[in-house]
2 protein chains.
Amino acid sequence: MSAADRAGLKSPIRTYLEKLHATYVDLHDGQVASYIPELSHANPNWFGICVATTDGYVYEVGDSRQTFTMQSISKPFVYGLALEDHGKDAVFHKIGVEPSGDAFNSISLYPDSGRPFNPMINAGAIATTGMINGEHPAEKLQRLLDMVGVYCGHPVEVDQRVYESERSTGHRNRAIGHMLRNFEILTDDPEPALDLYFQQCSILVTCRDLAIMAVTLANGGLNPISGQRAVHQPYVEPILSIMSTCGMYNSAGEWIYDVGMPAKSGVSGGVLAVLPGQLGIAVFSPPLDQRSNSVRGIRVCEDMSQDFNLHLFHAPVVAKSVIRTSYNASQVTSQRSRRDHEEQLLQEQGHRIRVYDLQGDLLFSTVEVVLRDIMERHERLDFIILDLKHVTSIDTTASSMLCDLLHTLEAQPCMLLFSNIEPSSPFAMSILGREGSDGSQGPVIYEDHDLALEWCENQLLARYLGTPSGDAAIPLAEHVLCQGLSERDLNHLQTLLEPLSFAPGERILETGHAPDYIYLLTRGEVSVTIELADGKRKRLSTLPAGMAFGEMALIERAPRSADVTALTPVACYALPIAAFDRLQEINPSLRMMLLTNLLRHVSGTLRRLTEKVGILTG
Amino acid sequence: MSAADRAGLKSPIRTYLEKLHATYVDLHDGQVASYIPELSHANPNWFGICVATTDGYVYEVGDSRQTFTMQSISKPFVYGLALEDHGKDAVFHKIGVEPSGDAFNSISLYPDSGRPFNPMINAGAIATTGMINGEHPAEKLQRLLDMVGVYCGHPVEVDQRVYESERSTGHRNRAIGHMLRNFEILTDDPEPALDLYFQQCSILVTCRDLAIMAVTLANGGLNPISGQRAVHQPYVEPILSIMSTCGMYNSAGEWIYDVGMPAKSGVSGGVLAVLPGQLGIAVFSPPLDQRSNSVRGIRVCEDMSQDFNLHLFHAPVVAKSVIRTSYNASQVTSQRSRRDHEEQLLQEQGHRIRVYDLQGDLLFSTVEVVLRDIMERHERLDFIILDLKHVTSIDTTASSMLCDLLHTLEAQPCMLLFSNIEPSSPFAMSILGREGSDGSQGPVIYEDHDLALEWCENQLLARYLGTPSGDAAIPLAEHVLCQGLSERDLNHLQTLLEPLSFAPGERILETGHAPDYIYLLTRGEVSVTIELADGKRKRLSTLPAGMAFGEMALIERAPRSADVTALTPVACYALPIAAFDRLQEINPSLRMMLLTNLLRHVSGTLRRLTEKVGILTG
């Protein structure tokens, strides 16, 4: 029970599901299945509804935890296992994919080949089960149970009494098995395949389990609660295709037309429906209609589809939001502070660096939008950064399209970089592993987006200003705090300063320490960082020669709020706060100049940051 | 030809399509249709491929502008018009939705009712055409042509020679017409319906047109180039459902299994395929296979589906990116400046205001994520703002879920607001038109997100501080620039100030004017705005009593960079820059205090803005 429920305030969705449950709890049409004796013991009043989301939340109403046997609902999942064991072609060779228009237990074999029409009718399902790999029956059963267990998120088992009941009364299925043997669809004694089939039908699940199995398919084969893969992504499409055309026995056309979700039902009263990319739905209610579908199950699926617009072809338009924001480096610069002439140059030439902040799932139609934008602009660009921080997945098509783009641009003056990629991810591997890529232009993959932007800025500045940024020492007179100082004031200031030097990696300022000095950096680079609550270190900015740090000590006599570390060999001057304070008496105009310079610098930073916020929230 | 093509740099997608075209241009299998004499004149070498995106871009390769007649491709579109004219139930009553498994020109009627199996076989299509509304045949034809014209984005016409050829040789269709009349599916003389049917089959289109028609369906019925609606959204689902099960004649199961896109072909050699929410694809090549589908058309669709992962059930997971960012008002405050004690209170209590920046299409499974997050948190919240700036559409389900949420929260201490909604939009109407909503708590809809946040902050401050913010005048000693001033310095400052007052709406500062004064606001509120390139006015911030404006004149003697306007009756003091400069000689410590206070204020603003950027880019 969630916090919201405790407060007596129900989610409108939960309220809806409860109403739906209340509407159909009094619907007593249909009959509990009786052709397998054990199934007839089911309570016709059992009624559960569950909805599971792709982020792993499950809404449950009614008898959502009552166990029952999967029966035919096992078929699409076992079909997925057969596909994993043999591939699409080999399975297609033995079992068709056409709706038969016949009842679930009809034989429906292609007359010449004996090939079952599809894997959802019993003949096709038995043929499918016959394809499951394993050295011996126990291993096959275990593989099948393990597979269902990953879908559900917990170990599952066979209901022995139902299984024995199925086995002892499964004459029709036994006939089908021998017919399949006759046509060489089953190439061995049909008994072990039949036995495994009876066991798969007798696996115990709950309505909640079915909703999670359904959403695992909606989520591309990944159980969203456990994060475990139940089936490989490429086999999700065939499973859902078969469910969409053959899942609800006859009337394939009407089901897609009216309900619009791939679905599967079983004679024990379960139904599951999948809205790809969005939801899994399950209903459990034993009384069946004449087509052997759960009466309440069908009504609930129809109502939910209608009331929530859950039709497959009511699809969100994904391309419109793949680019979260896009900007150039004259609009948004990196967190590296720059001296005035560098800042100026980035203002003028920063449009040659473009950043795309992408989001969501990358697939053909979302990457296409990005590619098109890049192709339109690339002639006017020197650097392109694709930031993948908000990207949730990259399919094989998207990955190869981005590799193609990288390859295409390698012959061009415009360089492509990626940021917020784990170097060990499959996508990073495919980028780095490209043929002909020698990395001579510099790294193309960055874990930190801001470092990628800083690298591009540095390249751009070096191109226009001739020298790599940040190496040279600068004279004190060029320091940001010393602008406009007279020679006399500069000399006075010099007498107050203590020269210091630091090796790369050395800590210069530490969070929490007393604010005794401000520092004027004249050579090298420092990094300003803080430690986050989770112990990770976050970089706030990089400062080059000419910048000040610890300067907030001038106005707020509070302990240091960040750490400052030398990135390169660093030379700087420390100005004691006490000396600064004494200037009030002995050289107020120098003090005023220092303060005014600081104010100008802070105001400039504020102005640029305000513009940045405008762009980022644009 | 785009800029990219001119530069000799091809989009990888265009390159792919050209390769695909080159691969199949030499495939000479199949026969040009000859059963209608005019069709046999088609050039078997014609071959075009087009792909259209939901933002209206069209990739074209080969004979993409060659005209040909629609033939059966007209059927799903006319079906859509019949649905608009009569609704789903009335159409379903006359025409089924089951794949027949028979050839396109088979009669396939349900034996008892004479009802055609589906609207894609000729019998169903003729019955569909017989349902089109209109006073007389010319009006019916015009409505049909207008409908196709909106899909294509330009007027279309009938090829008279093909039409006459169809009419003079359409004996089989005429037989079907009379059979439909016999069963009362057509309730009138079948000739006018047949005549209109022959005309719809003879409408001239190009491969490019078909791609745009396809993407219009992918885009929920809205032509993405013209922005015009070709068919109402609720009828897109039935059209695509029928195409998915009955569009490619026999083998409905195999098409969905292998290609996975609703599609329709015609005997003149066109094929179109729809990937809902993503793409429209069209191929034109006259030679047909034995099932009367374009040989090259089928191969191209199969290859593209395979190579680009375009299967219907390879669906992006939309719920993962509906919340673009979410933050509370202690992390990100509005653009209204606050006095220290107010700032302090927002730091402490701002967590009671939560902003959700939503994005993309709002539908059940994306709104569900938002609702769930709100239900989990609402007990700890006083205000919730849903910002819809980046939302691309809101379906009826999403709209009613949000109305339900608003209704649910009305009985709670937590208030829900929406920002970036046009007050005239259907969603705004449904929000404002709710029963029982008296607006007594304040407006729930804001065009500007920052104003919504500011309003919530003001409510929160009033709740904790007892008085509404911004009304009372403040003594000069409490002004942000006067903190820590001695009484003597305060008196000195007072002698330099010129008291001014302004009425609501009065302009106080103007962009471009000389920076002669800085202003200390002691009563009322001002708004700081700039004029954008498009003439619109953008609000940068709101300033209450206690704040300064025009203060950058102290450090940068540049012309004013923004306009400042009184929002309420305003009292302020103007400090001449010249007087400030003279302080250097006569009261340097006062000047220093003013500068230090300004630096502290600017630094505080910078620090908060830095945190804001961290949250927004999080």
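The values are calculated or read from the model by the stated rules, or taken from the named source; none is laboratory data. The structure displayed is predicted, hence computed values, not measured ones. In this analysis, Cβ positions are derived from the backbone assuming ideal geometry, glycine residues included, and neighbour counts consider all displayed protein chains. SASA here: full protein model, heavy atoms, side chains in, ligands and nucleic acids out. Shrake-Rupley method; radii C 1.70, N 1.55, O 1.52, S 1.80 Å.
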Legend entry - Per-peptide average of other Cβ atoms within 10 Å, ordering B:529-538, B:145-154 highest first: B:145-154, B:529-538
Legend entry - Relative counts (whole %) of C-alpha pair distances in chain A, using bins that are 20 Å wide: 17, 34, 25, 18, 6, 0
Legend entry - Those residues of the range A:379-395 for which accessible area with every protein chain present is at least 10 Å² below the isolated value (1.4 Å probe): A:GLU379, A:LYS389, A:HIS390, A:THR392, A:ASP395
Inset, instruction - Please go through the residue pairs A:LYS94/A:LYS264; A:LYS88/B:LYS264; A:LYS140/B:LYS320; A:LYS88/B:LYS75 and name each one whose alpha carbons sit more than 29 Å apart in this structure. - result: A:LYS140/B:LYS320; A:LYS88/B:LYS75
Legend entry - Interface residues in the range A:303-321 - accessible area drops by 30 Å² or more relative to the isolated chain, probe 1.4 Å: A:PHE308, A:ASN309, A:HIS311, A:LEU312, A:PHE313, A:HIS314, A:ALA315, A:PRO316, A:VAL317, A:VAL318, A:LYS320, A:SER321
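So if R0 is 25 Å, what FRET efficiency would B:SER330 and B:ARG539 give, r being the distance between their Cβ atoms, rounded to the nearest 0.05? Don't jump to the answer; show the numbers that get you there.
Working: r = 22 Å, r/R0 = 0.89.
So the FRET efficiency works out to roughly 0.65.
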Legend entry - Calculated log₁₀ intensity ratio I(q)/I(0) where the Debye formula runs over C-alpha points of the range B:3-308, q = 0.09, 0.11, 0.14 Å⁻¹: -0.39, -0.60, -0.99
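Among A:124-131, A:18-25, B:388-395, what's the highest-first ranking by average C-beta atoms within 10 angstrom per residue? Each step should come with its number before you reach the end.
Values: A:124-131: 26.6, A:18-25: 15.5, B:388-395: 19.2.
For the peptides A:124-131, A:18-25, B:388-395, the packing ranking is A:124-131, B:388-395, A:18-25.
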Legend entry - Stretch gain in nm, segment A:SER424-A:THR568, where the contour uses 0.36 nm per residue and the Cα spacing is subtracted: 49.1 nm
Legend entry - For B:GLY134, label point 7 Å along C-beta direction: distances to other copies, nm: 6.3
Inset, instruction - Measure nothing but the geometry: give the 0 to 90° angle between the long axis through the Cα atoms of A:160-169 and the longest principal axis through the Cα atoms of chain A, rounded to 10°. - result: 40
Legend entry - Number of partner chain Cβ atoms within 10 Å, mean per residue of B:274-283: 4
Inset, instruction - For helix B:364-377, report the angle its Cα long axis makes with the longest principal axis of the Cα atoms of chain B; keep it between 0 and 90° and round to the nearest 10°. - result: 30
Inset, instruction - Apply 1/(1 + (r/R0)^6) to the Cβ-Cβ distance of A:GLU184 and A:GLU254, taking R0 = 30 Å, and write down the FRET efficiency to the nearest 0.05. - result: 0.30
Inset, instruction - Starting from one equal scatterer on each C-alpha and no solvent at all, send me the Debye-based log10 I(q)/I(0) for the protein assembly as shown at q = 0.04, 0.07 Å⁻¹, two decimals. - result: -0.29, -0.81
Inset, instruction - Quickly work out the B:GLU585-to-B:GLN233 label distance, labels modelled 7 Å from Cα along the C-beta direction, and quote it in nm with one decimal. - result: 7.2
Legend entry - Shortest-first nm distances, B:ARG229 label point to equivalent points in other copies (7 Å, Cα→Cβ): 4.4
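Under the definition of partner shielding as Cβ atoms of other protein chains within 10 Å of a residue Cβ, what is the mean value for peptide B:593-604?
Working: counts 0, 0, 7, 4, 1, 6, 12, 6, 1, 8, 11, 2.
So the per-residue partner count for this stretch is 5.
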Legend entry - Shortest-first nm distances, A:GLU302 label point to equivalent points in other copies (7 Å, Cα→Cβ): 3.8
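For the range B:173-293, what is the per residue volume of the convex hull drawn over the alpha-carbon atoms, in cubic angstrom? Display every interim value, and only then the final one.
Working: hull volume 16.7 nm³, N = 121.
It comes to 138 Å³ per residue, whole-number rounded.
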Legend entry - Shielding by other protein chains, B:546-554, mean Cβ within 10 Å: 1
Inset, instruction - Working from Cα positions, state the angle (0 to 90°, nearest 10) between the long axis of helix A:137-152 and the longest principal axis of chain A. - result: 50
Legend entry - Solvent exposure of chain B as accessible area per residue, Å², 1.4 Å probe: 38
Inset, instruction - Could you tell me the accessible area of A:LEU186 in Å² (1.4 Å probe, neighbours in place), rounded to the nearest ten? - result: 10
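Over both sides of the A-B contact, add up the buried accessible area with a 1.4 Å probe and give it to the nearest 100 Å².
On the way: alone 28380 and 28400 Å², together 46830 Å².
Approximately 9900 Å², summed over both chains.
Can you tell me, using C-alpha contacts under 8 Å and at least 6 residues apart, the relative contact order of chain A as a whole percent? List each step's numbers first, then the result.
Working: 1176 pairs, mean separation 67.7, N = 618.
Relative contact order comes out at 11 percent.
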Inset, instruction - Would you check the accessible area of A:VAL526, probe 1.4 Å, heavy atoms only, in square angstrom rounded to 10? - result: 0
